[in-house]
Amino acid sequence: MAPPTQLSASRSTPEAASLILLYNPISGHGHLDSWNALFIGFLLEAGWRVASLSPGAEDLRARLGLRQLAQHPNLKILAWRTPARSFYQRVRSRVTRLFKQLVPTANLDPAQVAQLKQLEAAYLQPQEFAERVADATQQLGTRPAFVFNMYMDLYRNDSLGWRPFRDLHAIPWGGIRFVPSSVPPDEAYYALSSLAGMCFLDEQVQQAYSAALPHKRFEYLPDVTDASLPATASEFVLDLKKRAAGRKIVFLGGTIGSNKNLSQWFALIAQANPAQWFFVQLGEVHEQNLTTDDLSAYRQALATTPENVFIYPQYLPDERTFNEVIALSDIIFAVYRKFGISSNMPGKAAAFEKPILVAEGYLMGARVSAYQIGLAVPEDDSAKMLQALTTLAQPLASREVALPKHFAAYRQDFSHDALKAKFFHFLEQAGARSLGLT
């Protein structure tokens, strides 16, 4: 049959579709796993053949199962097998040993050594990306027409690191960069002929990249969220409701690092009347990433356990429970520290119609203010945070922000349909030739 001529829900039959590989290098983080399942769902529902390669295959099956897509005939969930050590990996090991001989770690202070080890451990390796795609091709018995990498942020950016990828990988590909570099970017992968383009969650960033690198395709993707809820109330939420005892619930959630601004969060809690306010902190805490003030405030809260504070310092694999807590809450706290990128928390606020408090001066603050779904305050002023909470806790009739019409406008512009349209547009532009769309 002829190849498809467009990417849409009304396009040709599944047998005519090209095969697209979605590569998700990291699992165990709610946002990444949620988006991986979402994009796979978009493609399957539009009739495309999809292969998924991710270390979180069981998580993916569970998420797709909620949409009756886990057993879809056009889906192949591949095994996350350890690739054989390549020539480039062996060379890298030798270079590392040579470096250690020439520059003994004794010449570096302990902090520098720890920083180097942390950086090396944090980097995703381009050659692993290439080798895993090659292994995926072997498992499939055919070469994908296009590869989409769901997380490009932790890859090393130097030419030496991307040289083995260039030599091993020739399939057209693209991806998502959640925290993009300033323009012009210095990542070596932008010089690769195989890279068709990249997606960002900031429209201004997309426009800047398009102007700087006109030979590549760049797309803006609205930062959407999963708003699913369990069929029945969980014991977890019933317990929280009992603990809150009618008080206004303020929610802080997600992966907890320095950007979550814990020192100001706990300063806010200390000023709030415990008879009126109940604070919920939900999510895995990375203590090594906290500032000294954050860590001190957090440990003090754990030691004293204020009656109006509930802390659950673990990752919740089921996003429905996470959403259930937000739906129970009255206000979302997202006054993050030095956080200039997009977040799906305003999407959660809009989905459950909960006013959100964010930091002014950044992308989140601009979006929340523009759509009037909450308030923006200085990230270092807990007194103004409490004033804003008081304002947001007032009845709808007495405030001008966070009205139902404002939430509806945000939901429309950051909907799954809006994201799907942008993603398919990117594929049409970036993968036109390889996907048979020309």
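The values are calculated or read from the model by the stated rules, or taken from the named source; none is laboratory data. Quick caveat, the model's predicted, so the values are computed rather than measured. In this analysis, Cβ positions are derived from the backbone assuming ideal geometry, glycine residues included, and neighbour counts consider all displayed protein chains. Side chains are part of the model used for accessible areas, which takes the heavy atoms of the whole protein and leaves out ligands, DNA and RNA. Shrake-Rupley method; radii C 1.70, N 1.55, O 1.52, S 1.80 Å.
Details
- Over segment 127-188: Kirkwood hydrodynamic radius from C-alpha pairwise inverse distances, Å: 12.7
- Placing one equal scatterer on every Cα of segment 137-225 and applying the Debye formula, the log10 ratio I(q)/I(0) at q = 0.15 Å⁻¹ is -0.59.
- The slack between Arg143 and Ala409, meaning 0.36 nm per residue of separation minus the straight C-alpha distance, is 91.6 nm.
- When His215, His169, His286 are compared by accessible area of protein heavy atoms, the largest-first order is His215, His286, His169, using a 1.4 Å probe.
- Accessible surface area normalised per residue over the chain is 46 Å², counting heavy atoms of protein chains with a 1.4 Å rolling probe.
- Along its principal axes, segment 175-259 has C-alpha extents of 58, 29, 20 angstrom, given from the largest down.
- At R0 = 41 Å, FRET efficiency that the Cβ-Cβ distance of Ala366 and Leu66 yields, to 0.05: 0.80
- Counting all C-alpha pairs of segment 213-364, share separated by more than 26 Å (%): 26
- Å³ per residue enclosed by the Cα convex hull of the chain: 159
- When only the Cβ of Lys, Arg, Asp and Glu is charged (+1, +1, -1, -1), the dipole of segment 174-290 relative to its Cα centre reaches about 460 debye.
- Carbon/sulfur fraction of accessible area - segment 122-254, other protein chains in place, 1.4 Å, %: 51
- Cα-projected label distance for Asp186 with Asp158, points at 7 Å along beta-carbon direction, nm: 1.2
- Here the gap between Val237 and Gln394, fully extended at 0.36 nm per residue and compared with their Cα-Cα distance, gives a gain of 54.2 nm.
- A probe of 1.4 angstrom, applied to the heavy atoms of all protein chains, finds Thr305 with accessible area near 90 square angstrom.
- Take the Cα of Gln276, step 7 Å toward its Cβ, do the same at Lys422, and the gap between the two points is 3.8 nm.
- Rounded to the nearest 10 Å², the accessible area of Arg166 at probe 1.4 Å: 130
- Each 10 Å bin from zero up to the one holding the largest Cα-Cα distance in segment 225-275 carries the following percent of pairs: 17, 39, 36, 8.
- Fully extending the segment from Asp380 to Gln204 would add 60.7 nm, taking 0.36 nm per residue of separation and subtracting the current Cα-Cα distance.
- Dipole of the chain [Lys/Arg +1, Asp/Glu -1 at C-beta], most positive-end residue of Tyr336, Asn24, Ile373: Asn24
- Segment 168-207 has equivalent-ellipsoid semi-axes of 20, 11, 8 Å, by the square roots of 5 times the alpha carbon gyration tensor eigenvalues, sorted largest first.
- With at most 14 neighbouring Cβ atoms within 10 Å, loop GluC sites (Glu not before Pro) (DSSP) excluded, longest segment of the chain: 1-306
- Here the dipole of segment 289-372 is about 240 debye; that uses its Cα centre as origin and unit charges on the Cβ of Lys and Arg (positive) and Asp and Glu (negative).
- Dipole magnitude (debye, nearest 20) for the chain, charges at Cβ of Lys, Arg, Asp, Glu: 880
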